[in-house]
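The values are calculated or read from the model by the stated rules, or taken from the named source; none is laboratory data. This structure is a prediction, so every number in the text was calculated from the model and none was measured. When we count neighbours, we look across all protein chains shown, and the Cβ atoms used for this are built from the backbone with ideal geometry, even at glycine. Please note that ligands, DNA and RNA were not included when accessible areas were found on the heavy atoms of the full protein model with its side chains. Shrake-Rupley method; radii C 1.70, N 1.55, O 1.52, S 1.80 Å.
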Amino acid sequence: MSPVGFWESLLAARMAVFIGIFHSMFAAVCAIAIGSFCGIVMGFIMTFARKYVVFPFRLFVDVVRGIPGLVVVFTIYYFLDVFLRSYGVKLPALMAGIIALSVTNTAQMAELTRGALQAIPRGQIEAGKAIGFRFGQILYYILLPQALIQMLPPWVNSATETVKGTTLLMLIGISDLLLVTQQLIATNNHALKYYCFIGLIYFLLNTVIEFTGKAAEKRLRFDGG
Amino acid sequence: MEDSLLRIRRLGKWFGSLKVFEGVDLDVNAGEVVSIIGASGSGKTTLLRCINLLETFQAGSILLDGNPVGYHEENSKRKRFPERIIARQRLLTGMVFQQFNLFPHMTALGNVSLGLRKVKKLPRAEAEKEASRWLERVGLGDRTHSRPSQLSGGQQQRVAIARAIAMNPKILLFDEPTSALDPELVGEVLNVIKQLAADGATMLIVTHEMRFAYEVSDKVVFMDNGKIASMGTPTEIFEERKSDRLKEFLSTFNN
Ligand SMILES: Nc1ncnc2c1ncn2[C@@H]1O[C@H](COP(=O)(O)OP(=O)(O)OP(=O)(O)O)[C@@H](O)[C@H]1O
Ligand SMILES: [Mg+2]
């Protein structure tokens, strides 16, 4: 029995916990940003490009979405590791983790974007052409804003999944929040309290995301409600 | 004889092996209102979409203001203009769609001013002033900040008309502008179109509103069987009814 109380032990380990939170948040934010950007671009390509251009992207999206996140993380980590090592570069685990989460997120966002674009009636494109718009202007002023509004709720969903997905990163040796916590637990007997504590932190992070999403939705909504 | 604003010669359109029409000749002079009538599937919408360059066409030519649009001859080969030029040529025509096709994420004012700002490159304030002027003209001066979802069908179609005419096209094309409307909202839209006609706008109107076509048109075109089957003044078309097909078609409207 350790004589140290939960709060005392947490206080003592605060730096490690902060670093854990930072790693998790940093990875999540990067992955969401990169994944959203690449995914939206990919979604547009998959909707409007020629069939043979679409094919490799389609394959990428289906493959990534079809395998567990953990497998994606491991595959990318080991692939990048072996590949870069042959050039004498050592990839930091955090970087590999962010790339892996971004890949998963990109596939998710690409599919979301494609779905949202497909749901926009063809008449919107024609109305844009009729006022003399070129294709790029139609994309930017007409399709993109409508797609983004459509995508917001599922986007929030996928962002929260990404935050939860950061827990996979401990498996490639990144001291994310979960790994840090587990190391702490090994030195005392407050396991339940610690798990409740980090559960609360993940929950708070995702609540912030959902709240932001709801607020954005309210501002952007065009159904008149 | 004066040069017509819109001159269509030997126009032919196929969807794969399906012929929609062939050998279509049509002239619309400045200030004229021409109505197109005909049975469902006779190619009325397709003809308008060809003029607006939303469809390709396989034969013939369309001249707007004396210049060919859509295709040109190069080394005696027929070539489609590049999209950049097509986009500019589309500004010669304004299109009002059956389903309005307003941009749902923008207000009425945004819908009408978007093209003025981004295509005509007017500064925002000027574009919005111009847009409100047109919204007033169609009787919606008090709804400039409404989203399409907050407007009735008739109001939406009037915004769409303002959006088309604000770009100052040479000719306005209407594809059954009242077909998607509840009967009680048809009148307000037709009145706006009549007003534009009275103000001298050049218009080509596909419609199933025979009384309206009779009243507003200088010329009526009857499409049937992949061609223009009859063309004449409203009196010639609606009262004299020279061909059997025309008689048969008009008898389905008890007017
Ligand atoms: N995109 C398309 N692909 C293939 N066939 C088409 C396409 N659009 C129209 N058609 C065909 O072309 C013919 C003419 O259609 P169009 O819509 O121009 O008729 P319409 O006179 O406008 O009819 P309505 O009064 O019902 O609106 C029809 O046989 C239609 O099925
Ligand atoms: Mg039609």
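Values as computed for the structure displayed
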{"quantity": "Test result for B:Gly94, within 14 Å of chain A (Cβ to nearest Cβ) and either touching a strand residue (DSSP E or B) at 6+ places or on another chain (Cβ under 6 Å) or open to solvent by 40 Å² or more (accessible area, probe 1.4 Å) (or both)", "calculated": "yes"}
{"quantity": "The one condition in (1) away from chain A (no Cβ under 14 Å); (2) at pLDDT below 95; (3) part of a helix (DSSP H, G or I); (4) away from ligand 2 (no atom under 16 Å from the Cβ) that B:Val189 fails to fulfil", "calculated": "(2)"}
{"quantity": "Elements of type helices (runs of 4 or more DSSP H) in region A:92-205, at least 1 residues being within 14 Å of chain B (Cβ to nearest Cβ) and surrounded by fewer than 21 Cβ atoms within 10 Å (Cβ to Cβ)", "calculated": "A:122-130, A:144-165"}
{"quantity": "Meets criteria (part of a helix (DSSP H, G or I), in contact (Cβ under 8 Å) with a residue 12 or more places away in the chain and among the hydrophobic types (A, V, I, L, M, F, W, C)) for A:Val17", "calculated": "yes"}
{"quantity": "Flag if B:Leu53 is out of contact with any helix residue (DSSP H, G or I) (no Cβ under 9 Å at 6 or more places or on another chain), under 26 Å from B:Thr207 (Cβ atoms), aliphatic (A, V, I, L, M) and crowded, with 19+ Cβ neighbours inside 10 Å", "calculated": "no"}
{"quantity": "Residue under evaluation B:Thr178, criteria (1) under 26 Å from B:Leu91 (Cβ atoms); (2) more than 14 Å from every other protein chain (Cβ to nearest Cβ); (3) without any contact (Cβ under 8 Å) to a residue 24 or more places away in the chain, criterion not met", "calculated": "(3)"}
{"quantity": "Cross-chain or 6+ apart pairs with Cβ under 8 Å, region A:54-72 first and part of a helix (DSSP H, G or I), then open to solvent by 60 Å² or more (accessible area, probe 1.4 Å)", "calculated": "A:Arg65/A:Gln108; A:Leu70/A:Leu171"}
{"quantity": "Among residues of region B:13-39, those that are assigned to a strand (DSSP E or B), away from ligand 1 (no atom under 13 Å from the Cβ) and more than 13 Å from B:Val221 (Cβ to Cβ), counted", "calculated": "1"}
{"quantity": "Leading residue by the ranking (nearest to ligand 1 (Cβ to nearest atom)) among those in region B:178-196 that are under 27 Å from A:Gly132 (Cβ atoms) and in contact with a helix residue (DSSP H, G or I) (Cβ under 6 Å, 6 or more places away or on another chain)", "calculated": "B:Thr178"}
{"quantity": "When residues of region B:197-250 are limited to those that are assigned to a loop (DSSP other than H, G, I, E, B) and either within 16 Å of ligand 1 (Cβ to nearest atom) or of a type in the set (Val, Ile, Thr) (or both), the one surrounded by the fewest Cβ atoms within 10 Å (Cβ to Cβ)", "calculated": "B:Asn225"}
{"quantity": "Qualifying residue in region A:178-193 (condition: under 19 Å from the mean Cα position of the chain (by Cα), on the phi < 0 side of the Ramachandran plot, β-branched (Val, Ile, Thr) and modelled with pLDDT of 80 or more)", "calculated": "no"}
{"quantity": "Test: residue in region B:59-79 that is free of Cβ contacts under 8 Å to residues at least 40 places away in the same chain, in contact with a strand residue (DSSP E or B) (Cβ under 9 Å, 6 or more places away or on another chain) and polar (S, T, N, Q)", "calculated": "no"}
{"quantity": "Region B:1-39: number of residues that are within 16 Å of ligand 2 (Cβ to nearest atom), under 17 Å from the mean Cα position of the chain (by Cα) and open to solvent by 10 Å² or more (accessible area, probe 1.4 Å)", "calculated": "0"}
